[in-house]
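Reading through the structure tokens given below for one structure.
The values are calculated or read from the model by the stated rules, or taken from the named source; none is laboratory data. From a predicted model like this one, the values you see are computed outputs, not experimental measurements. Backbone-built Cβ (ideal geometry, glycine too); neighbour counts: all protein chains shown.
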Amino acid sequence: MNMKVTRIGNPKNVFELGDITDIPDDLKSNLKTMESTCPKTSNILKLFEIKSELTIDEILVGLYRMFGHKKTRVWVSSSLYNLSRKKMVTKSDSGVYKRLSNRS
């Protein structure tokens, strides 16, 4: 079986999930990454617009006070993990998260 592979763009970045603007909409709808663009996760990004560095405790309290959302620590950790994979936030050794880009 001989398959021809066509590469589009830089093969070094072929798996990059941070910028998926080149991916067709029908394929985007199948990506788990798209979950992080839902309103509940974008509210975390809105908190980073108010304060550039936040702990999970501050995010939990901020989500409740600003949006009335009662989330678990696990949900916030998972959301932050997904945002960090997209290179939108980073975590310091002391457990403080920081916004990396202005994308929302």
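Quick notes on this one:
- Entry remark, the range 72-102: residues being touching a residue at least 24 places away in the same chain (Cβ under 8 Å) and surrounded by 12 or more Cβ atoms within 10 Å (Cβ to Cβ) number 14 in total.
- Residue in the range 89-102 that is in a loop (DSSP other than H, G, I, E, B), touching a strand residue (DSSP E or B) at 6+ places or on another chain (Cβ under 8 Å) and either aromatic (Phe, Trp, Tyr) or at pLDDT below 90 (or both) present: yes
- Within the range 39-64, considering residues that are of a type in the set (Gly, Ala, Ser) and more than 16 Å from ASN82 (Cα to Cα), the one farthest from the chain's Cα centre (by Cα): GLY62
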